[in-house]
Amino acid sequence: MPLAHWCLWLQDTTLSTALRTSAYAYPLIEGTHVLGLALSVGTILWFDLRLLGVTMRGDRVSYVFGQIRPWMTAGFTVMIVTGSLLFASRAADAYASTYFRIKIGLLVLGAINIVVFHATVDRQREQWDGVATPPFRARMAGLLSLVLWFSIIAAGRIMAYNL
């Protein structure tokens, strides 16, 4: 079954139709998605700024990460659940959207950035954990994360207004 057909099937399920046509469910899920986004990306912003050496320079990177990790995880969980429901309710429309494809591509790049950061420079964190300005590769991972998240948000908002 081609992906476009699967998206159409998903969009036409009882749950997806109920979400899409509800006067309350869809806006509630969309609002919750935005709140999850604010929680997760808001906390990532602080971590990325610490990686860049812009803020919390007196705090160890591991301390900052430890403080934000539960909030970031909670926000991501909310975003994944609500984003999946939003996608399901308009799957065929999203699949046809260039902005959705851009958003998914940026999400993949963001995931790659996270994996590469944790597999490489973060493995040596004990060597630079307490320095005010982390090494170049850590700063670049933080900068790339910021750029990607702002781009993901922009693509998602543009997509929402063009479906």
Note: among A111, A141, A155, just one is under 18 Å from the mean Cα position of the chain (by Cα), of a type in the set (A, V, I, L, M, F, W, C) and more than 30 Å from L10 (Cα to Cα), namely A141
Looking across segment 67-83 at residues that are of a type outside the set (A, V, I, L, M, F, W, C) and surrounded by 14 or more Cβ atoms within 10 Å (Cβ to Cβ), the single one that is nearest to L35 (Cα to Cα) is G75
Note on segment 39-57: residues assigned to a helix (DSSP H, G or I) and either of a type in the set (S, T, N, Q) or surrounded by fewer than 13 Cβ atoms within 10 Å (Cβ to Cβ) (or both) are S40, T43
Out of (1) loosely packed, with under 13 Cβ neighbours inside 10 Å; (2) not in a loop (DSSP other than H, G, I, E, B), the one A23 does not meet is (2)
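Being without any contact (Cβ under 8 Å) to a residue 24 or more places away in the chain, closer than 21 Å to A138 by Cα, exposed (fewer than 15 other Cβ atoms within 10 Å of the Cβ) and out of contact with any Cys (no Cβ under 9 Å at 6 or more places or on another chain) is the requirement here; does V64 meet it?
Taking the combined requirement at face value, the residue does not satisfy it.
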Counted residues in segment 108-163 being loosely packed, with under 15 Cβ neighbours inside 10 Å and of a type in the set (S, T, Y) come to 3
Considering segment 126-163, residues that are of a type in the set (K, R) and either touching a Pro at 6+ places or on another chain (Cβ under 6 Å) or modelled with pLDDT of 95 or more (or both), and then whichever is farthest from D48 (Cα to Cα), we arrive at R137
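To keep it simple, each residue is scored yes or no on (1) of a type outside the set (A, V, I, L, M); (2) over 22 Å from the mean Cα position of the chain (by Cα).
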position	(1), (2)
Y24	yes, yes
L39	no, no
G42	yes, no
S62	yes, no
G75	yes, no
A92	no, no
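The values are calculated or read from the model by the stated rules, or taken from the named source; none is laboratory data. All values derive from a computational prediction rather than experimental measurement. With ideal geometry, Cβ positions are generated from the backbone for all residues, glycine too; neighbour counts draw on all protein chains shown.
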